[in-house]
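Take this structure, written in structure tokens, and hold onto it; I'll ask about it next.
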Amino acid sequence: MIDIPDELIATQYAYNGAAGRAFVAALPGLAGRFLEEWGLRRDGAAMYGMCALVLPVVREADGVPAALKLQLVDEETVGEPVALRAWGAAGAGAVGVLGHDPGTGALLLERLDEGRPLSGVAGGGGVPGGSRLVGEAADARRAVTVLGEVLARLAAVPAPAGLRTLGDAVERMLAAAPEAVGRLADEEERRLLADCAAAVREVAGEPGDRLLHWDLHYDNILAGRADAGRAGEWVALDPKPLAGDPGFELFPALDNLFDAGEVVWRFDALTEALGMERDRGRARAWTLGRVLQNAVWAVGDGERELAPDHAEIARRLLGVS
């Protein structure tokens, strides 16, 4: 029997409506099907995020630990196996794909150490293969540095054909920007969002062609396992891939584990890791694009103010030369 976590049910119902309800109803059957078809046995408690149910498993044929991921396939997740395989072929530091069913989107993935996310480093959890850092601030900066190293490896890979593109996303967000600005209740926030849109317009003609993760925050990087030959490695997972400019990747690392006083330091560290330190204006514009994208979505859901952390990120980056 597969127990579906209440939080996953609530998220699917809230964000995906009828499709989410159908997905939740099908989950026990899907899990049973792939446990049998792929010769898997359960090996721990179910895990979940906003979009997926993940079952720790062992492949019975060879005893290899793995993770069975079941999720509702949409425009953000449909390219996940394509991206993971492209990164795998390049040795770029993403989780390995052991199996994929195109009809349902089910994925059998390399097992990582779910108890050691990079967010644990930011909270003083130490670094695989290294010594524990001293002080929470030092730990948080070490986590940013590690994320930058992972991001640089991922963004070095050209995007395979057929993925969604930043160019298409930019076209939509800029078309929606005037209405989003007008619906904000606060005049200062209206000016702020208009400045974000203006910055994006300056770079919109060169959306880029790198393979982007889009959601690379500190809980989407886990420590590798020694039994998979990954001891001492940090490994990315759960991409929502698209083709675009690496500058569009920085926002999650600024917003996740938010610290207003560290926004500019993190931005500088990440642009350096990506080799964009001499093109900070472009990196800043694309990061402001993420603020704009989130605001367009929020206004579409009826919000009339910017998320406070997002607004603060925009204010601080607009002051960066």
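Ranked from the most accessible area to the least, with a 1.4 Å probe and all protein chains present, what is the order of HIS213, HIS310? Walk me through the numbers before you get to the answer.
Details: HIS213 0, HIS310 35 Å².
Heavy-atom accessible area, descending, gives HIS310, HIS213.
Then there is this: For the chain, what is the mean residue ellipticity at 222 nm derived from helices alone (per DSSP H run of n ≥ 4: -39500 (n - 2.57); sum divided by total residues; nearest 500 deg cm²/dmol)? Spell out each step's value before the answer.
On the way: 10 runs with 150 residues, N = 321.
Using -39500 (n - 2.57) per qualifying helix, the result is -15500 deg cm²/dmol.
Would you calculate the separation in nanometres between label points at ASP301 and ALA185, each defined as 7 Å from the Cα along the Cα-to-beta-carbon direction?
Each label point lies 7 Å from its Cα, and together they span 1.7 nm.
As I understand it, the value is the acute angle between the Cα axis of helix 136-155 and the longest principal axis of the Cα atoms of the chain; what does it come to in degrees, rounded to 10?
Long axis of 136-155 versus the principal axis of the chain: about 80 degrees.
Right, another one. Give me the log10 of I(q) over I(0) for segment 1-85 at q = 0.11, 0.19, 0.20, 0.25 Å⁻¹, as the Debye formula computes it from C-alpha points; what are the numbers?
-0.31, -0.89, -0.97, -1.29
Another question about this same structure. Rounded to the nearest 10 degrees, what's the angle between the helix 263-273 long axis and the longest principal axis of the chain, both from Cα atoms, 0 to 90?
Long axis of 263-273 versus the principal axis of the chain: about 70 degrees.
Moving on to the next point. Which FRET efficiency value, to the nearest 0.05, is calculated for ARG316 and GLU75 with the Förster distance at 22 angstrom and r the Cβ-Cβ distance? Before the final figure, lay out each step's value.
Numbers: r = 31 Å, r/R0 = 1.40.
Result of the calculation: an efficiency of 0.10.
Moving on to the next point. Wrap a convex hull around the Cα atoms of segment 142-215, take a quarter of its surface area, and give that in square nanometres.
6.7 nm²
Given 10 Å bins starting at zero, what is the percent of C-alpha pairs of segment 203-321 in each, up to the one with the largest pair distance?
13, 40, 34, 10, 2
Using the alpha-carbon atoms, what tilt in degrees (0 to 90, nearest 10) does helix 308-318 show relative to the longest principal axis of the chain?
60 degrees
Right, here's the next one. Give the calculated FRET efficiency between ALA231 and MET47 to the nearest 0.05, with a Förster radius of 25 Å applied to their Cβ-Cβ distance. Let's see the in-between values first.
Working: r = 22 Å, r/R0 = 0.87.
So the FRET efficiency works out to roughly 0.70.
I've got another one for you. In nm, to one decimal, how far is the ALA161 label point from the ASP268 one, both placed 7 Å along Cα→Cβ?
About 4.4 nm, to one decimal.
D for the chain, whole µm²/s, Stokes-Einstein with Kirkwood Rh over alpha-carbon pairs at 20 °C and 1.002 mPa s: what number? Numbers along the way, then the final one.
Numbers: Rh = 20.6 Å.
This corresponds to a translational diffusion coefficient of 104 µm²/s.
Under 10 Å, Cα contacts only: if you run a Gaussian network model on the chain, which one of LEU27, LEU112, LEU242 comes out with the highest mean-square fluctuation?
LEU27
Can you compute the charge dipole magnitude of the chain about its Cα centre, using +1 on each Lys and Arg Cβ and -1 on each Asp and Glu Cβ, nothing else charged? Give it in debye, rounded to the nearest 20.
Values: 32 positive and 49 negative charges, 101 e Å.
Dipole magnitude for the chain comes out near 480 debye.
Could you work out how much longer the chain between ASN16 and ALA89 gets when fully extended? Use 0.36 nm per residue separation minus the Cα distance between them, nm to one decimal.
23.0 nm
The values are calculated or read from the model by the stated rules, or taken from the named source; none is laboratory data. Nothing here was measured: the structure is a model prediction, and the numbers come from that model. Positions of Cβ are generated from backbone atoms using ideal geometry, with glycine treated the same way; all protein chains shown enter the neighbour counts. SASA here: full protein model, heavy atoms, side chains in, ligands and nucleic acids out. Shrake-Rupley method; radii C 1.70, N 1.55, O 1.52, S 1.80 Å.
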